[in-house]
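What follows is a set of notes on a single structure, which appears directly below.
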């Protein structure tokens, strides 16, 4: 309602939502969404400079008052279909007639494969890690859009590889293990290549 009437996202609510996204990503990075670290995620919504995973959403000074009515469901539908495949947990159907039920998504399956390889070979395959990171980046960009935090339509783009575009990738690790400083997911979607 605040965006609809004022064109602005209330800053305390925005910061809280970014904090929840940040904490969710830390837990996911530690567990089912990446299995990217052995470090237990801190119970904080604020930035944690020493933790290897972070989410950053730039605060928009103005948001479209008209888009607020349609972007979180109608405009996001193509992305939501894709993200449901990536993240799983989807369900469609009627009460007794028919039902399509989902389960674990592609992210969980690929991350689990990475953990099995890690258990036997002692290292997480770099290409698999980059693939998991690209899927997660896509999901978090869509989340920021659906949560009305950005007006820019999320790109249909897979950002695999080390760092998210526009971030400091840190020093590459010659051992082949996942880079510990390149897991920041930045969500300003408009200007990135």
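The values are calculated or read from the model by the stated rules, or taken from the named source; none is laboratory data. Here the structure is a predicted model, which means the values were calculated and not measured. With ideal geometry, Cβ positions are generated from the backbone for all residues, glycine too; neighbour counts draw on all protein chains shown.
Within the stretch 12-32, how many residues turn out to be at pLDDT 95 or above and farther than 20 Å from residue 142 by Cα?
2
Kindly establish whether residue 40 is over 21 Å from residue 12 (Cα atoms), over 17 Å from the mean Cα position of the chain (by Cα) and modelled with pLDDT of 95 or more. Walk me through it before giving the result.
Working: over 21 Å from residue 12 (Cα atoms): yes; over 17 Å from the mean Cα position of the chain (by Cα): yes; modelled with pLDDT of 95 or more: yes.
Answer is yes for this residue.
So which of 140, 120 is outside any loop (DSSP other than H, G, I, E, B), out of contact with any helix residue (DSSP H, G or I) (no Cβ under 6 Å at 6 or more places or on another chain), at pLDDT 95 or above and surrounded by fewer than 19 Cβ atoms within 10 Å (Cβ to Cβ)? Quick ask: steps written out before the conclusion?
On the way: 140 fails: surrounded by fewer than 19 Cβ atoms within 10 Å (Cβ to Cβ).
Just a single option satisfies the conditions, and that option is 120.
For the stretch 54-69, enumerate the residues that are part of a strand (DSSP E or B) and in contact with a helix residue (DSSP H, G or I) (Cβ under 7 Å, 6 or more places away or on another chain). Can you show your working first?
The initial filter retains those residues of the stretch 54-69 that are part of a strand (DSSP E or B), namely 54-56.
Answer for the stretch 54-69, where residues must be part of a strand (DSSP E or B) and in contact with a helix residue (DSSP H, G or I) (Cβ under 7 Å, 6 or more places away or on another chain): 54, 55.
Those residues that are surrounded by fewer than 17 Cβ atoms within 10 Å (Cβ to Cβ) and part of a loop (DSSP other than H, G, I, E, B), I need them from the stretch 1-23; list them, please. Talk me through it step by step, then tell me what you get.
Start the filter on the stretch 1-23 by keeping residues that are surrounded by fewer than 17 Cβ atoms within 10 Å (Cβ to Cβ), which leaves 1-2, 4-8, 10-13, 15-16, 19-20.
If the condition is that a residue be surrounded by fewer than 17 Cβ atoms within 10 Å (Cβ to Cβ) and part of a loop (DSSP other than H, G, I, E, B), then 1, 7, 8, 10 are the ones that fit.
Checking residue 152 against (1) surrounded by fewer than 18 Cβ atoms within 10 Å (Cβ to Cβ); (2) touching a residue at least 24 places away in the same chain (Cβ under 8 Å); (3) at positive phi, which single condition isn't satisfied?
The single condition residue 152 does not satisfy is (3).
Out of the residues in the stretch 1-19 that are out of contact with any helix residue (DSSP H, G or I) (no Cβ under 8 Å at 6 or more places or on another chain) and in contact (Cβ under 8 Å) with a residue 60 or more places away in the chain, state the one that is nearest to residue 48 (Cα to Cα).
Applying the filter and picking the extreme gives 18.
Given the conditions (1) under 25 Å from residue 132 (Cα atoms); (2) touching a residue at least 60 places away in the same chain (Cβ under 8 Å); (3) out of contact with any strand residue (DSSP E or B) (no Cβ under 9 Å at 6 or more places or on another chain), which single one is not true for residue 46?
The failed condition is (2).
Can you tell which of 81, 57 is without any contact (Cβ under 8 Å) to a residue 40 or more places away in the chain and either in contact with a strand residue (DSSP E or B) (Cβ under 9 Å, 6 or more places away or on another chain) or closer than 30 Å to residue 8 by Cα (or both)?
81
What single numbered condition from (1) in contact with a strand residue (DSSP E or B) (Cβ under 6 Å, 6 or more places away or on another chain); (2) touching a residue at least 60 places away in the same chain (Cβ under 8 Å) fails to hold for residue 22?
Of the numbered conditions (1) in contact with a strand residue (DSSP E or B) (Cβ under 6 Å, 6 or more places away or on another chain); (2) touching a residue at least 60 places away in the same chain (Cβ under 8 Å), the odd one out for residue 22 is (2).
Taking the stretch 48-78 on its own, how many of its residues are more than 20 Å from residue 155 (Cβ to Cβ) and surrounded by 18 or more Cβ atoms within 10 Å (Cβ to Cβ)?
5
Which numbered condition in (1) more than 13 Å from the chain's Cα centre (by Cα); (2) surrounded by fewer than 21 Cβ atoms within 10 Å (Cβ to Cβ) is the only one that residue 27 fails?
(1)
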